[in-house]
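Down below is the structure, laid out as C-alpha cells.
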Amino acid sequence: MRQLAATGELHNRLRMVAASFLVKDLLIDWRRCERWFRRLLADGDLAQNAGNWQWVAGTGPDAAPYFRVFNPVAQSRRHDLDGAHLRRWVPELARLGADIVHAPWEASPARLAGAGLRLGVDYPTPIIDHDHARQRTLAAYRSALGKAHDGHPPPSPA
C-alpha cells in the first residue's frame with residue numbers, strides 16, 4: 001500500500017493479494033476498495049478496475065473464484081523469496097532475515113530486538129488471523145449461495 005500511495009503503481013500479483021485481503025479477510029465491500037485503488041492507481045480505469053475487484057470478490061459475471069482466498073504471507077514468501085521488495089517498501093523490516101521478514105510476528109523476541117524491531121510499536125501486530133478469516137469468508141459465501149453445491153464445500157484452492 002505504501003508503494004501504491006507513493007508511485008501509483010502496483011504489480012498485478014500485489015493488487016490481487018491486497019484485494020483478497022481487504023475483501024475476504026477483512027470483509028470490506030469491494031466497491032469501497034475499488035474506489036480507493038482507482039483514486040491512487042496511475043493506470044486506474046473504471047471498467048477494468050471494477051471488473052477486477054468483482055472477480056476477486058466473487059461477485060461479478062465470472063464469480064467462480066469466490067473460494068480463492070490468498071494467504072498474504074504465503075504469497076509474499078512465494079513471490080518475494082528474499083524479501084527485497086518487502087524491505088524496500090517496509091524499511092522497518094530491513095534487518096530481518098529472509099526466513100522471517102514475511103511474518104515478523106513469528107520471530108522470537110530476541111530476534112526482533114536484534115533487528116531493532118518492536119511489534120506493536122515499530123511494526124503493527126497482525127490485525128486478523130488469516131486462517132480464521134478464510135474459514136469465516138468461505139462459510140459466508142456458502143451461506144450466500146444457499147448451499148448451491150449440493151451441501152458439498154467448495155473446492156480447495158491450489
Which residues, taken from segment 33-53, are open to solvent by less than 50 Å² (accessible area, probe 1.4 Å) and modelled with pLDDT of 90 or more?
C33, E34, F37, L40, L41, N49, A50, G51, W53
Looking at segment 56-88, which of its residues are assigned to a loop (DSSP other than H, G, I, E, B), modelled with pLDDT under 95 and open to solvent by 50 Å² or more (accessible area, probe 1.4 Å)?
T59, P61, D62, R68
Determine whether segment 86-103 contains at least one residue that is more than 27 Å from A57 (Cα to Cα) and touching a Ser or Thr at 6+ places or on another chain (Cβ under 7 Å).
no
The listed residue being closer than 30 Å to A107 by Cα, open to solvent by less than 20 Å² (accessible area, probe 1.4 Å) and assigned to a helix (DSSP H, G or I), out of L22, L4:
L4
Of residues in segment 89-105 being in contact (Cβ under 8 Å) with a residue 12 or more places away in the chain and not in a loop (DSSP other than H, G, I, E, B), the one surrounded by the most Cβ atoms within 10 Å (Cβ to Cβ)
P104
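The values are calculated or read from the model by the stated rules, or taken from the named source; none is laboratory data. Quantities reported herein were computed from a predicted structural model and do not represent experimental measurements. FYI the Cβ positions are ideal-geometry reconstructions off the backbone, even for glycines, and counts take in every protein chain you see. Each accessible area value is taken on the protein alone, full model and side chains, heavy atoms only, with ligands, DNA and RNA left out. Shrake-Rupley method; radii C 1.70, N 1.55, O 1.52, S 1.80 Å.
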